Structures are given as structure tokens and as C-alpha cells.
Amino acid sequence: MKAEFERWGFLNHRFTIGTFQILGGLGLLLGLLIPYLLLISSLALTLMMLVAILVRIRIKDELLKIIPALFYMMINGIIFYLVIMNDFL
């Protein structure tokens, strides 16, 4: 994984990115009890995956390597949309 972060140009940000991903996942779980947290976490993870897609496009990765980030961006985007539409707030 260290080599991947180096290839992406984010070797010095591994800990920060990993921490935000873990916090986002925990936020999704806790968001089942606290709707505001679900809204914030799903939006944050959607934006993180959008950035991941843009980074992979910038370094000219093949489509198969972009698909997981695209999938997670879509899932979190759907969660965000459903929270907004269902007036969980």
C-alpha cells in the first residue's frame, strides 16, 4: 500500500488519509443513530472518492483501477441523497 501512495503522490499523507477514511466509516455506522453524522460522513466520503478518481485519472490509471473508487463514491452519494430526501435531519 505504501507503494501505491507513493505512485499517487501522497506518500506523506498516508496517515491523514487513512484516519479520515476510518473516521468516515465510523461516522456512517454512528450515523444510523445520529442522522447529522450520517449526512456529514457520507458527503465527506463521497468527496474523498471523487478526489481519488481525479487522482487516478491524472496519473492515467486504467479503468479497472478507477472502478472501486467510483463504486464507493456512488454508494456514499446515494446515502447522502437519501438522507436529504428522507428528511432525517
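The values are calculated or read from the model by the stated rules, or taken from the named source; none is laboratory data. Just so it is clear, the model here is predicted, and its values are computed rather than measured. As a convention, Cβ positions derive from the backbone with ideal geometry for all residues, glycine included, and neighbour counts pool all protein chains shown.
General observations
- Filtered residues of the stretch 1-13 (kept if surrounded by fewer than 15 Cβ atoms within 10 Å (Cβ to Cβ) and without any contact (Cβ under 8 Å) to a residue 24 or more places away in the chain): 1, 2, 3, 4, 6, 11, 12, 13
- Total residues in the stretch 2-38 satisfying the condition of being part of a loop (DSSP other than H, G, I, E, B), closer than 20 Å to residue 66 by Cβ and more than 17 Å from the chain's Cα centre (by Cα): the figure is 1.
- A Cβ distance below 7 Å, combined with a sequence gap of six or more or placement on separate chains, defines the contacts here; from the stretch 20-39, residues that are touching a residue at least 40 places away in the same chain (Cβ under 8 Å) reach residues that are outside any helix (DSSP H, G or I) and buried (at least 16 other Cβ atoms within 10 Å of the Cβ) in the pairs 38/31.
- Number of the exception - residue 78 against (1) modelled with pLDDT of 95 or more; (2) surrounded by 13 or more Cβ atoms within 10 Å (Cβ to Cβ): (2)
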